[in-house]
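Read through the structure below, which is laid out as C-alpha cells, and then see the notes.
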Amino acid sequence: MKIKYLGTAAAEGIPALFCSCPVCTKAGVVGGKNHRTRTQVLIDDTIIIDFPPDSLMHAQREGIKLLEIPVIFVTHSHQDHWYPNDLLFRKPPYGWGVETPLQIFGNETVKQKFDALEFHKDELLSASVKMHLVEPFVPIVFGKYTVTPLLATHDKRERCYFYSIACENKCLLYAHDTGHFPEATNDFIKGTRFDVISMDCTMGSLKDGNNHMGLADNRQLVKTLRALGCLDEKTKIVVNHFSHNGGLLHEEIEENVKEDGFIVAYDSMTIEC
C-alpha cells in the first residue's frame, strides 16, 4: 500500500492565511517542509481521503489526474476537509472526458452540503458524482479495498469519522480530526494489527484529546493501541494535520518525537507498507 500525503495542515494552513505568529513567520522564511496545505491523502493512486479547497493545487503539484480517481471518502463536513463546490467543475464545459461517476462517501452533514449545491437538478452533474452515506463500523468494499468508518471524537454537531483501509494483507488506520478514540471505536479495532497508524497532531506541543490531539495525546494513544493489540514494532506511526497554534516547526516536531520513532508528515511525503 502506497500512502501519499498531499497536504498536512489544519484548516488555515502553514503559514496561515492571515497570521504573523512566530511559527508562521519562520515557516514563511524557511519554507520547505514547513509550508503546509490543507490535509488530504491519496492511497495507491485510487482512494482519496477528504476533498479540501487545496485539491486542485495538490493535483497540479503531484501530477494527479483527478478524473481517474474513482472514490473519495470524507471524514466530516468542515471546509478544510470537504469543499464540494469544486465538484461543480466535473461536467462540461468545465471538465470533459467523464465516463464514470465519482463515488463519494461521507456522513449526513457532508451529504447536506453536497445536496445544497443542487446536484440533483443538473443532469450532467448528477451523472458525474454519486453521494453515499456511511454508517459507523459498516465496511465498504471498493474493489480490493475494505474501508471501515470509525467514530471520531470531534465536532459534536455531526457524526465525524476516520477510516481504516485494508487491502490484501495490509491495513492503514487514518485517524485525523479526532481526540482520543471513543470506547466504541476502541472496542471495534481491538486485536486488529495496523501496518501504518496516522494520527492527528493539530495541537503540537499542547494537549487536547477532546477534539484534536497534541504530541502528549499521541503518546497516550500509542499506549492505548498497543494495549489493544493494534500495533507492534513493525508498525509505522505517523503524526499529521498540524496547526501553527501547536507552536512547533517541522524540524522541532521531528526532534520532539525522535525517541518515539514517529514519522512527521509533510506535504508530498510518501510512505509504503
Here are some pairs, K170/K190; K2/K258; K91/K130; K33/K65; which of them have Cα atoms lying more than 22 Å apart in this structure? K2/K258; K33/K65
Distance (nanometres) between label positions extended 7 Å along Cα→Cβ at N256 and E233: 2.8
If you line up the long axis of helix 215-227 against the longest principal axis of the chain, both from Cα atoms, how many degrees apart are they, to the nearest 10? 90
Given backbone amide H placed at 1.01 Å from N, residues whose amide H is under 5 Å from that of I140, ignoring those fewer than 5 places away on the same chain, are V147, T148
Determine, for M213, M199, M131, the number of other Cβ atoms within 10 Å of each Cβ, and report the residues in order from fewest to most. M131, M199, M213
Cα gyration tensor of the range 27-81, axes a ≥ b ≥ c as square roots of the eigenvalues: rounded (a/c below 1.5), prolate (a/b > b/c) or oblate? oblate
To the nearest 500 deg cm²/dmol, what mean residue ellipticity at 222 nm is calculated for the chain from DSSP H runs of n ≥ 4 alone, each contributing -39,500 (n - 2.57), summed and divided by the residues? -6000 deg cm²/dmol
For the range 87-101, Karplus couplings with θ = phi - 60° (6.51, -1.76, 1.60), whole Hz, Gly/Pro x: 6, 5, 8, 8, 7, x, x, 7, x, 10, x, 5, 10, 10, x
Given chymotrypsin sites (Phe, Trp or Tyr not before Pro), DSSP loops and at most 12 other Cβ atoms within 10 Å, the longest exposed-site-free stretch of the chain is 97-273
Low-density loop trypsin sites (Lys or Arg not before Pro), the range 232-267, at most 12 other Cβ within 10 Å, DSSP non-H/G/I/E/B, are K234, K258
Give the range of the longest stretch in the chain that excludes all GluC sites (Glu not before Pro) found in loop regions by DSSP and having at most 13 other beta-carbon atoms within 10 Å. 1-98
Kindly put R36, R159, R226 in sequence by how many other C-beta atoms sit within 10 Å of each C-beta, fewest to most. R226, R159, R36
Can you compute 3J(HN,Hα) from phi for each residue in the range 127-143, using the Karplus curve 6.51 cos²θ - 1.76 cosθ + 1.60 with θ = phi - 60°, rounded to whole Hz and x for Gly and Pro? 7, 9, 9, 10, 9, 10, 7, 10, 10, x, 6, 9, x, 10, 8, 10, x
Tell me, what ³J(HN,Hα) does each residue in the range 240-249 have, in order and in whole Hz, if you take phi through Karplus 6.51 cos²θ - 1.76 cosθ + 1.60 with θ = phi - 60° and put x for Gly and Pro? 7, 6, 9, 10, 4, 5, x, x, 10, 7
One finds the C-alpha centres of the range 40-81 and the range 203-229 to be spaced, in Å, by 26
Can you list residues whose amide H is under 5 Å from F242's amide H, if they're 5+ apart or on another chain and H is modeled 1.01 Å from N? A9, A10
Against the 2.2 N^0.38 Å scaling, with N counting residues, where does the range 147-273 land? I'd like the Cα-based Rg ratio to two decimal places. 0.99
For the chain, any Cys whose C-beta has no other cysteine C-beta under 4.7 angstrom counts as unpaired, and these are C21, C160, C167, C171, C201, C230, C273
By the gyration tensor of its Cα atoms, with a ≥ b ≥ c the square roots of the eigenvalues, what is the shape of the range 2-272: rounded for a/c under 1.5, prolate for a/b over b/c, or oblate? oblate
What residues qualify as long-range amide H neighbours of K236, i.e. H under 5 Å apart, gap of 5 or more or another chain, H built at 1.01 Å from N? V196, I197
Where a ≥ b ≥ c are the square roots of the eigenvalues of the C-alpha gyration tensor, would you call the range 117-166 rounded, which needs a/c under 1.5, or, failing that, prolate if a/b is larger than b/c, or oblate? oblate
For E118 and K170, what does the FRET efficiency come to when R0 = 41 Å and r is the distance between their Cβ atoms, rounded to the nearest 0.05? 0.55
I want to check the label-to-label distance for T25 and L133. Put each point 7 Å from Cα in the C-beta direction and report it in nm to one decimal. 5.0
Would you work out the charge dipole size for the chain about its Cα centre, treating the Cβ of every Lys and Arg as +1 and the Cβ of every Asp and Glu as -1, and quote it to the nearest 20 debye? 120
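None of the figures in this text is laboratory data; all of them are computed from the coordinates on show. In this text, all values refer to a predicted model and were calculated from it rather than measured experimentally. Don't worry about glycine lacking a Cβ; one is built from the backbone with ideal geometry, like all the others, and counts go over all protein chains shown.
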